[in-house]
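Q: My questions all concern the structure below.
The values are calculated or read from the model by the stated rules, or taken from the named source; none is laboratory data. Fair warning: this is a prediction, and the values are worked out from it, not measured in the lab. With ideal geometry, Cβ positions are generated from the backbone for all residues, glycine too; neighbour counts draw on all protein chains shown. For accessibility, only protein heavy atoms count, side chains too; no ligands or nucleic acids. Shrake-Rupley method; radii C 1.70, N 1.55, O 1.52, S 1.80 Å.
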Amino acid sequence: MDNLTVTHKATILVVDDTPNNLSLMSGLLKDQYKVKIANNGEKALSIAQAESPPDLILLDIMMPGLSGYDVIRALKADPRTREVPVMFITAMSETEDERLGLELGAVDYITKPISPPILLARVATHLKIKRASDFLKDQNAFLEDEVNRRTREVQAIQDVTILAMASLAETRDNETGNHIRRTQHYVRLLANRLQTHPRFGYFLSDKTIDLLFKSALLHDIGKVGIPDHILLKPGRFTPEEFEIMKTHTTLGRDAILAAERHLGMEVGFLSLAKEIAYYHQEKWDGSGYPTGARGEQIPISARLMAVADVYDALISQRPYKDGLPHDRAVEIMREGRGTHFDPDVLDAFLALQDEFRSVALIYAG
């Protein structure tokens, strides 16, 4: 008997709103596995998030109430169920449906009507993969101290790199230093608020939130390439000047790409910084710049940054304007829900507005 052999039956949760489908799959699986069933998404989450999560979930997509896509988003947002493999079993056979399912974290996608031998083979394969993964995690536990030490060293290098690059922007604009510090705290507030949201939880891990906090420092790095007579102009821009100012998004992304080229490789921890620098001026309705991206085309990192950046711009005094009172700034932000801003991100801001005001006061400069 090898080390991967288990002495108990694996538990499989089957989720489908059709009784015949539940009966069929239960009949196929019950001799080899312990089978639990749920006839809707809400019940599936209740079972999956109980004290002992299932080893594998077979999930239909088209169900009343929560769809299969909603269910997997919630599963991936919850640390208790994030690692449970999910196989979609569905009548939806379009390539786009399969692409979305796999993108959301499913390990497999099988279309109905099912082939019993194929279903059983794939179930066995994914359970074996999960057992192997769990086994390796256990075997590697003794390396944790060394990994943590090396991680701290890498983290220090990342922090120094980001701070060195951000300091360039500070040299060009006296207000930038306070602005970038406030916005990075705003971004972290938003990310923490949305970490358990079904639309964002799969992306907003603790590690990602930490990187977002640091990467937010670089959102205006491209302004180092804007001429002083425009960047420091004590008045509103002409249309021509504004077109030049808009290039700071592309300049920022390119500056980070240039840093990567000097290193001779693409650096993973700068990927969010590139997204934020390039896309943070995009708008939910597609009227932003530089690409005119809209909706889900805009990276989550940039959607968070957009809310943080605009709020701070509204309350901040500039040579050409006075800062707005917090309440008036919130009103303007609210008006941008669904046009300028992702509605769910803006709702998080509205729920956190007192915390935003506190950050603005702490880092008023």
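Q: For the stretch 295-365 and the stretch 218-279, what is the separation of their Cα centres, given in Å?
A: 20 Å
Q: Could you work out the relative contact order of the stretch 1-153, using alpha carbon pairs under 8 angstrom and six or more residues apart, expressed as a whole percent? Write down the numbers at each step before the final one.
A: Working: 201 pairs, mean separation 29.2, N = 153.
Relative contact order of the stretch 1-153: 19 percent.
Q: Using a 1.4 angstrom probe, figure out how much accessible area the chain has per residue, in square angstrom, rounded to the nearest whole.
A: Heavy-atom accessible area per residue stands at 51 Å².
Q: Tilt of helix 326-335 relative to the longest C-alpha principal axis of the chain, in degrees (0 to 90, nearest 10)?
A: 60 degrees
Q: Then there's this: Can you tally the net charge around His340? Count Lys and Arg as +1, Asp and Glu as -1, for every other residue whose Cβ sits under 14 Å from the Cβ of His340. Mind showing how you got there, number by number?
A: Working: positive: Lys283, Arg294, Arg303, Arg334, Arg337; negative: Glu282, Asp285, Asp309, Glu331, Glu335, Asp342, Asp344, Asp347.
With Lys, Arg at +1 and Asp, Glu at -1, the net is -3.
Q: So, one more: Extending each Cα 7 Å along its Cβ direction at Arg357 and Arg150, get the distance between those two points in nm, one decimal.
A: Computed distance between label sites Arg357 and Arg150 equals 4.9 nm.
Q: Going by average Cβ density within 10 Å per residue, which order do the peptides 254-262, 73-81 take, highest to lowest? Display every interim value, and only then the final one.
A: Numbers: 254-262: 14.9, 73-81: 19.0.
Going by the mean number of other Cβ atoms within 10 Å, highest first, we get 73-81, 254-262.
Q: Answer with one residue from Leu22, Phe237, Leu136: the one whose Cα lies farthest towards the positive end of the charge dipole of the chain, charges on Cβ with Lys, Arg +1 and Asp, Glu -1.
A: Leu136
Q: Per 0.36 nm of contour for each residue apart, how much would the distance between Ile230 and Ala121 grow if the chain were fully extended, relative to their Cα-Cα spacing? Before the final figure, lay out the partial values.
A: On the way: separation 109, 0.36 × 109 = 39.24 nm, distance 6.45 nm.
This chain segment gains 32.8 nm when fully extended.
Q: Right, next: Within the stretch 64-104, find all residues whose amide N lies under 11 Å from a label point positioned 7 Å from the Cα of Glu42 along Cα-to-beta-carbon.
A: 65-66
Q: Same structure, new question: Roughly speaking, what is the stretch gain from Arg334 to Gln317, that is 0.36 nm per residue apart minus the C-alpha to C-alpha distance, in nm to one decimal?
A: Numbers: separation 17, 0.36 × 17 = 6.12 nm, distance 2.06 nm.
Net length gain for the segment: 4.1 nm.
Q: Three principal axis extents, largest first, for the C-alpha atoms of the stretch 1-74, in Å?
A: 45, 26, 17
Q: Which of Pro85, Pro198, Pro113 moves the most in a Gaussian network model of the chain with Cα springs under 10 Å?
A: Maximum among the listed residues: Pro113.
Q: Sort the following peptides by mean Cβ neighbour count (other Cβ atoms within 10 Å, averaged over residues), highest first: 183-189, 131-137.
A: On the way: 183-189: 22.9, 131-137: 12.7.
The packing order, highest mean first, is 183-189, 131-137.
Q: If you average the sequence gap of Cα pairs under 8 Å that are 6 or more apart and divide by the length of the stretch 174-258, what percent do you get for the contact order? Don't jump to the answer; show the numbers that get you there.
A: Numbers: 62 pairs, mean separation 24.5, N = 85.
With pairs under 8 Å counted, the relative contact order is 29 percent.
Q: Helix 300-315 sits at what angle to the longest principal axis of the chain, using alpha carbons and giving 0 to 90 degrees rounded to 10?
A: Approximately 30 degrees, to the nearest ten.
Q: Let me ask another. Using only the alpha carbon atoms of the stretch 322-365, find the Kirkwood hydrodynamic radius as the inverse mean reciprocal pair distance, in angstroms to one decimal. Mind dumping the intermediate values first?
A: Working: mean 1/r = 0.0905 Å⁻¹.
11.0 Å is the Kirkwood radius here.
Q: Another question, then. Mind giving me the FRET efficiency for Leu350 and Glu103? R0 is 35 Å, r the Cβ-Cβ distance, nearest 0.05 is fine. Working shown, then result.
A: Numbers: r = 29 Å, r/R0 = 0.83.
Computed FRET efficiency for Leu350 and Glu103 comes out at 0.75.
Q: Also, I was wondering about something else. To the nearest Å, what is the center-to-center distance of the stretch 178-212 and the stretch 29-99, using C-alpha atoms only?
A: Taking the Cα centre of the stretch 29-99 as reference, the centre of the stretch 178-212 is 27 Å away.
Q: With the full set of protein chains in place, find how many percent of the accessible area of the chain is carbon and sulfur; take the probe as 1.4 Å. Please list the in-between numbers first.
A: Details: 9960 of 18620 Å².
Here carbon and sulfur together make up 54 percent of the probe-accessible area.
Q: Same structure again: I'm a student and want to see the number: the projected area of the Cα convex hull of the stretch 269-365, averaged over all directions, in nm². Spell out each step's value before the answer.
A: Values: hull surface 27.4 nm².
Projected area, direction-averaged: 6.8 nm².
Q: Also, quick follow-up: Taking the Cβ of Lys274 as the centre, find all other residues whose Cβ is under 11 Å away and add up their charges (Lys, Arg: +1; Asp, Glu: -1). Display every interim value, and only then the final one.
A: Numbers: positive: Arg253; negative: Asp254, Glu260, Glu266, Glu275.
Net local charge, Lys274 excluded: -3.
Q: Tell me, what is the 1.4 Å probe accessible area of His248, in Å² to the nearest 10?
A: 10 Å²
Q: For helix 19-29, what angle does its Cα long axis make with the longest principal axis of the chain, in degrees from 0 to 90 and rounded to 10?
A: So the inclination is approximately 70 degrees.
Q: Under a crude label model (7 Å from the Cα following the beta-carbon direction), how far is Gln139 from Arg80 in nanometres?
A: Placing both labels 7 Å along Cα→Cβ, they lie 3.1 nm apart.
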